1. When only residues in the range A:103-140 that are over 30 Å from the mean Cα position of the chain (by Cα) and acidic (D, E) count, which is surrounded by the fewest Cβ atoms within 10 Å (Cβ to Cβ)?
2. Keeping to the range A:139-185, report how many residues are in contact (Cβ under 8 Å) with a residue 40 or more places away in the chain and in a helix (DSSP H, G or I).
3. Just to verify a result, which residue in the range A:626-638, among those that are near RNA strand B (Cβ under 10 Å from one of its atoms) and aliphatic (A, V, I, L, M), is farthest from A:I675 (Cα to Cα)?
4. Taking helices (runs of 4 or more DSSP H) that do not extend beyond the range A:531-633, which have at least 3 residues that are within 30 Å of A:A748 (Cα to Cα)?
5. Can you spot a residue in the range A:434-447 that is open to solvent by less than 10 Å² (accessible area, probe 1.4 Å) and in a strand (DSSP E or B)?
6. Just the residues that are out of contact with any Leu (no Cβ under 7 Å at 6 or more places or on another chain), open to solvent by 30 Å² or more (accessible area, probe 1.4 Å), of a type outside the set (A, V, I, L, M, F, W, C) and within 16 Å of RNA strand B (Cβ to nearest atom), please, taken from the range A:328-361.
7. Restricting to the range A:543-585, count the residues that are over 23 Å from A:H357 (Cα atoms), in contact with a strand residue (DSSP E or B) (Cβ under 9 Å, 6 or more places away or on another chain) and open to solvent by 20 Å² or more (accessible area, probe 1.4 Å).
8. Those residues that are under 47 Å from the mean Cα position of the chain (by Cα) and over 16 Å from A:K917 (Cβ atoms), I need them from the range A:865-887; list them, please.
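The values are calculated or read from the model by the stated rules, or taken from the named source; none is laboratory data. From a predicted model like this one, the values you see are computed outputs, not experimental measurements. For neighbour counting, all protein chains shown are included, and Cβ atoms are generated from backbone atoms with ideal geometry for every residue, glycine included. Just the protein is used for accessible areas: all its heavy atoms, side chains included, with ligands, DNA and RNA removed. Shrake-Rupley method; radii C 1.70, N 1.55, O 1.52, S 1.80 Å.
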Amino acid sequence: MENLSTRYTPKDVEDKWFKIWNEKGCFHTESSPNKDPYCIVIPPPNVTGILHMGHALNNTLQDILIRYKRMKGYNSLWVPGTDHAGIATQNVVERDLAKEKKTRYELGREKFVERMWEWTGKNGGKIIEQLKKMGSSCDWERERFTLDEGYSEAVNEVFVRLYNEGLIYKGSYIINWCPRCQSALSDEEAPHKEVQGNLYYIRYPLRKKPETGNQKPDYVVVATTRPETMFGDTALAVNPNDKRYKALIGKKVILPIAERELEIIADDFVDPEFGTGVVKVTPFHDPNDYEMGNRHKLDGILCINPDGTMNANATENYDGMDRFEAREALIEELKERKLLEKIEPHTHSVGHCYRCHTVIEPYFSEQWFVRMKPLSGKALEEVEKGNINFYPRRWHKIYVNWMENIRDWCISRQIWWGHRIPVWYCKNCYDKYLKNRHAQRLKLPLEISDKETGIIHVGLDKPRKCPDCGSQEIFQDPDVLDTWFSSWLWPFAVFGWPFNEPSAISHQPSAEKKVLNADLEYFYPTSCLITASEIIFFWVARMIMSGLKFMGKIPFSDVYIHGTVRDDKGRKMSKSLGNAIDPLEVIEKYGADALRFSLISIPGEDLYLSENKFEFGRNLMNKIWNASRFIIMNLEENKPQDISFKDIEKLLADGDSYLAEKWIISELNQLILDIDEAFGAYRFYEAASKLYDFFRHKFCDWYIEIAKIDIKDEVTQSVLLVCLKTILKLLHPYVPFITEEIWQKLPAKEEELITTSSWPGADKKLISEAAGEQFDSIKEIVLKIRNEGLKFRVKHTVRISTNHPGLIDLLNTYKKYVEKLTHLKVELIVPSKEVIKEAVGSKVAAMSASIYIEGGLKDFGIERARLKKEIEKINEEILKTDNHLKNKGFLNKAPEKAIEQMKKKKVEFEIRRQSLKKDLEELA
RNA sequence: GGGCGGUUGGCGCAGUUGGUUAGCGCGCCACGUUGACAUCGUGGAGGUCACUGGUUCGAAUCCAGUACCGCCCACCA
């Protein structure tokens, strides 16, 4: 190692080790009865995905836990995989097609899906390769894809089971329609954003002019944000208690331009305070209006096409015009006709497609839904009982809040990439239904049975003929399922569920599935899920519901929600904002370990990132490299093969020597306890920062420096080795590559690979408070001397005098530490006996040590000022403690311990003050 | 509109059941070629813990109110 550079170069190291680890099967795990399982299923990234900082963070966290548990002796399994990401992936391929001036419709469904698979085969593995660059220790033999054959079986199985139970239904409702993707979306996929729009006040002429006088206008004014939907109006509504309009209830108005007659109805829904208190009712383009339509048995009229253009119901003028163009044009026309009263700016919340950000059109259509209430009850209960815990805890409440207000889930998508809905129709019966249903105009409320719509079978197999009419023209539902309808099964579908249970789709299990099923029994429920807050509802909540429904057990007991990656200005990091930092570039420049450690070392929940943040990790890796290099360089070749804490215990048994060794070993063991505790509570940052503090500030800055006094000493060597080995192990979950590389260079090691080595157990007998206090005394003296601001290169002699017998002994033995750490010569002056009086404890005694430095306090004036300032501060503190101790209330009511502490504090301050005063006198 | 958080030195954060001279990292300033490391070391400056009131012997910590910031949900036409 001495031949090696003083710079750590990750490039030489990372790919090499990742290959070896896999070749040796370090990450592969199989169920075994003798070991406890620990399992995490990856949040499957989209096949279209390219590794971003969010992934980097997410996967670092998972890998830390997986590696930690692996070292702890668990059968630690991390299941990797990808998600077919229906709309997102289809959009990518459609864009490619567009470049060739083709559409998917021209290609046809079969050819298009073929092309999708082709694309996926070529590009789908990219993100997986990128995860590997990060060192992710997934069991790569178990990689799954949500469109895998076996996985798809699970999806179909679930659909059929839920259908048979009445938990999946086909319904006609207002759904979120994306005119660009041309598909329905679930509520979760259509997040609302504030939009600066207008409120248009439109006059609807009354059919009959008011009889009395000509004061009253002959129209009613309606305020709307979406005037173009007026062609779908089938009524106006007012609040029944609104005095202004009471007389109008039941009266008719004329819908402008379309010149249709509308009735004014009364409904409680209408808020008299808003707008004019009159609302246009458009049942097929607004969820509220749809409900109103049902209540009042109105007609529904569709006036917009699926692609966002207006249809024939919008009159010839607007037919075929884009909805937003139509809005502008219509407003112009209304102005001309003097039917536009005014336009007011109005901020309101509008749904947007989460894939392409197009404004959502609330749209009436027939879709498939999952009834959520029957599933949510248990999922809520398990969380509230504490069987599933969220970290940080606040997400618990957000989950509960959502679950309590859960609504049915629209699962059908009008795209081709995905699991096709396993429902079969008789064409003959379906056509009959269509004929009855005037496509763009319907009487509400709608009550249609599945049979009436031509559905003849729900399952995988295509029926031969219609049981009703005997027709042999059978077709499958053209829609596919929401991607989340497959990913909500992830924690058990990755293990090949279902095969040993009676299947609703009657497929014989393959041999492969049988093997997988043993794993399902063993690894399910998984241990922990690590993900981002954005997908709590999309994914986490639904997995809990499906796990309980189909496995009868929760899918995981812990959910760790990590923060959002932001730029240094606090904006969310995203490709579209152009503020993204590419993790692969960071790996290239600083190394994967530096990336990982830097990410974990950022305090707080959200991560504010800028490129220089990664220097932190790089610098630390370099420090680790050099400290290791130094130790290994100096180690004698004949070190025992396996140095354990037990050996150290023996070596350090002697009472009066090796204080620094006792101290660092004590600190190290305490560190192990701290890290175990922090990991137990998912406090990754805390564990990292404790490790950092120990390694850099305790081990390197103090212990290694002291070890240099006699680096060839046998005990020192053993302690150095044990510390290095342990530190490497503790660091390994965070920084796997560098620790493995150094591990291999250790002259003595029992375990071949650090990756599969065992986690160090703390030896509590080695945690010594006495060693800590004594070492702190030495430290204080060193710090005090350093405070004098001496130039190290000048040889000075420091005279130390103290009134504490313990400290005198300590300094007699460990003067060498002070000398090494200050580069000064130390002379101990033992004062006369009468000075030795205060014996409150070694810590206090250390502070009372008076230190004289020959030939060079930096400046007497500055020094005096500093001392005076400090004395003043101490005076204030003494006053405070005095007041407490004089206060009867405090003496009567405070616990004894607090009073004792206060007394002790006062004495400490007084001794300190005395010592400072003495120093001040010396300066005079 | 409903729900949930936050406010501690220039920035990002700790601060366990109320009792330590309020800590850490980054940044800043000064010094340093000490036989692992300048991707380093040493020292230093910098905070009346958002505000107001209350509970208490004692409040950054508990309670109430105010101000500001943020997040999630929601059908304001």
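1. A:E110
2. The first filter runs over the range A:139-185 and keeps only residues in contact (Cβ under 8 Å) with a residue 40 or more places away in the chain, leaving A:139-147, A:150-164, A:166-185.
In the following step, the residues that additionally are in a helix (DSSP H, G or I) were identified as A:140-142, A:150-164.
Residues flagged as in contact (Cβ under 8 Å) with a residue 40 or more places away in the chain and in a helix (DSSP H, G or I) within the range A:139-185 amount to 18.
3. Residues of the range A:626-638 near RNA strand B (Cβ under 10 Å from one of its atoms): A:626-634.
With aliphatic (A, V, I, L, M) added as a condition, the list becomes A:627, A:631-633.
Numbers: A:A627: 21, A:I631: 24, A:I632: 25, A:M633: 29 Å.
Among those that are near RNA strand B (Cβ under 10 Å from one of its atoms) and aliphatic (A, V, I, L, M), it is A:M633.
4. Numbers: elements: A:541-546, A:583-590, A:592-600.
Counting at least 3 such residues, we get A:592-600.
5. Quick first cut of the range A:434-447, residues open to solvent by less than 10 Å² (accessible area, probe 1.4 Å) only: A:444.
Retained after the next criterion (residues that are in a strand (DSSP E or B)): none.
No, the range A:434-447 has no match at all.
6. Residues satisfying the conditions are A:E341, A:K342, A:P345, A:T347, A:H348, A:S349, A:Y354, A:R355, A:H357.
7. Number satisfying all stated conditions: 5.
8. Passing the criteria: A:K880, A:T881.
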